[in-house]
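Engineer: One structure, pasted below without further comment.
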Amino acid sequence: MIRTVRATQYITALREGGSLPAIVAADDLGLYVLKFRGAGQGPLALVAELVAGEIGRRLGLKVPELVFVEIGAAFGRNEPDQEIRDLIRRSVGLNLALDYLPGSTMFDPAAGDTTDPGIASLAVWFDAFVSNVDRTPRNANLLNWHRQLYFIDHGAALYWQHDWPNATSKAESPFPEARHHILLPWASDLAAADATARQRLNQAVFTEILDLVPDAWLAPHPSLEASESEDRTGQAVSRRAAYVDILIRRLNASPRFVQEAARAHAELV
Ligand SMILES: Nc1ncnc2c1ncn2[C@@H]1O[C@H](COP(=O)(O)OP(=O)(O)O)[C@@H](O)[C@H]1O
Ligand SMILES: [Mg+2]
């Protein structure tokens, strides 16, 4: 289950990436890193953040808790920055956020950070599975927190969701981008990671995860204005089934991307 909280205060913008996430406070007195539905990447970035993040969690990787965040009409109205006010206005309603990890630092091998082969191999498998290119030395999206590694920023994963006509063929991609993965040097156990992943992921798991995604993010533009909500529900149901189908195909294609990643790892050592 994903909890829903209400945003109470805009604390600060995080300007590293392009999507302008923000640290916000919520009515459960928690702090969260909010991903705005109204950001340029659109609601599908939130779908990727949610679906890929929960897949990572089911694999056994640490992902900060994901919550839905309700933004009310008055929230952030006094923000001085016009760009931020506009972003908030476009995002009134439901958004997605990650539990904020205070005091965390970005994983940095140049600063001596290392990890164990089990986690690294599962991480490389995970990012190949969800086609996530955002885990490189320049852009690690991996937080050290309480001496454990946390995986964040999956908004660009599942890129095939932007191109359904070609999604099926892309589901079988070997994902050569794994050679840029920041944890590849430690990923010496890819065969074991593959076996673990195949035990932990299946159609029931993917269905459960897709059921978490709000209809409106999957079918933002109902084609018929009459019976609008009914049409949206129908579209969302078939979209969910399409995601599950692609994820199953990807799982069945894992030998391809595992072989590719193992070859890239062997070239490093
Ligand atoms: N849960 C979190 N806890 C602490 N800091 C975070 C968290 N999520 C993101 N950050 C910080 O915010 C930055 C931007 O967030 P990220 O999800 O990577 O978005 P993007 O790169 O798309 O802007 C990260 O690089 C990290 O420094
Ligand atoms: Mg990032």
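Engineer: Hey, can you tell me all the residues within the stretch 220-241 that are surrounded by 15 or more Cβ atoms within 10 Å (Cβ to Cβ) and at pLDDT below 70?
Structural biologist: Pro222, the sole residue that qualifies.
Engineer: I would also like to ask the following. Determine if the stretch 202-219 includes at least one residue that is part of a loop (DSSP other than H, G, I, E, B), exposed (fewer than 13 other Cβ atoms within 10 Å of the Cβ) and at pLDDT below 95. Before you say what the answer is, go through the steps one by one.
Structural biologist: First, the residues of the stretch 202-219 that are part of a loop (DSSP other than H, G, I, E, B): 202, 211-214, 219.
When the remaining residues are screened for being exposed (fewer than 13 other Cβ atoms within 10 Å of the Cβ), the result is 211.
Within this subset, residues satisfying the condition of being at pLDDT below 95 are none.
Taking every residue of the stretch 202-219 in turn, none turns out to be part of a loop (DSSP other than H, G, I, E, B), exposed (fewer than 13 other Cβ atoms within 10 Å of the Cβ) and at pLDDT below 95.
Engineer: Keeping to the stretch 1-26, report how many residues are more than 13 Å from ligand 1 (Cβ to nearest atom) and of a type in the set (Val, Ile, Thr).
Structural biologist: Residues that pass the stated criteria total 4.
Engineer: Considering only the stretch 73-92, state which residues are under 15 Å from Ala26 (Cβ atoms) and either assigned to a loop (DSSP other than H, G, I, E, B) or open to solvent by 10 Å² or more (accessible area, probe 1.4 Å) (or both).
Structural biologist: Selection gives Ala74, Phe75, Gly76, Ser91.
Engineer: Now a separate question. Among the residues of the stretch 27-42, write down those that are more than 10 Å from ligand 1 (Cβ to nearest atom) and within 19 Å of Gly103 (Cα to Cα).
Structural biologist: Within the stretch 27-42, Leu29, Gly30 meet the criteria.
Engineer: With free of Cβ contacts under 8 Å to residues at least 40 places away in the same chain, under 20 Å from Leu59 (Cβ atoms) and of a type in the set (S, T, N, Q) as the only criterion, which of Asn166, Asn202, Asn252 stands out? Even if it seems obvious, please write down each step before you answer.
Structural biologist: Values: Asn166 fails: under 20 Å from Leu59 (Cβ atoms); Asn202 fails: free of Cβ contacts under 8 Å to residues at least 40 places away in the same chain.
Going through Asn166, Asn202, Asn252 in turn, just one is free of Cβ contacts under 8 Å to residues at least 40 places away in the same chain, under 20 Å from Leu59 (Cβ atoms) and of a type in the set (S, T, N, Q): Asn252.
Engineer: Let me ask something else. Hey, any hits in the stretch 76-95 for a residue that's in contact (Cβ under 8 Å) with a residue 24 or more places away in the chain and either under 25 Å from Arg58 (Cβ atoms) or within 15 Å of ligand 2 (Cβ to nearest atom) (or both)?
Structural biologist: yes
Engineer: Next question, about the same structure. What do you reckon, is Glu267 open to solvent by 70 Å² or more (accessible area, probe 1.4 Å) and free of Cβ contacts under 8 Å to residues at least 40 places away in the same chain?
Structural biologist: Working: open to solvent by 70 Å² or more (accessible area, probe 1.4 Å): yes; free of Cβ contacts under 8 Å to residues at least 40 places away in the same chain: no.
Criteria not met by Glu267.
Engineer: Which ones in the stretch 141-157 are more than 8 Å from ligand 1 (Cβ to nearest atom) and closer than 18 Å to Ala110 by Cα?
Structural biologist: Leu142, Asn144, Arg147, Gln148, Leu149
Engineer: Could you list, in sequence order, all residues of the stretch 132-161 that are assigned to a loop (DSSP other than H, G, I, E, B), open to solvent by 10 Å² or more (accessible area, probe 1.4 Å) and more than 10 Å from ligand 2 (Cβ to nearest atom)?
Structural biologist: Val133, Pro137, Arg138, His146, Arg147
The values are calculated or read from the model by the stated rules, or taken from the named source; none is laboratory data. This structure is a prediction, so every number in the text was calculated from the model and none was measured. Don't worry about glycine lacking a Cβ; one is built from the backbone with ideal geometry, like all the others, and counts go over all protein chains shown. These accessible areas exclude ligands, DNA and RNA; they are computed on the full protein's heavy atoms, side chains included. Shrake-Rupley method; radii C 1.70, N 1.55, O 1.52, S 1.80 Å.
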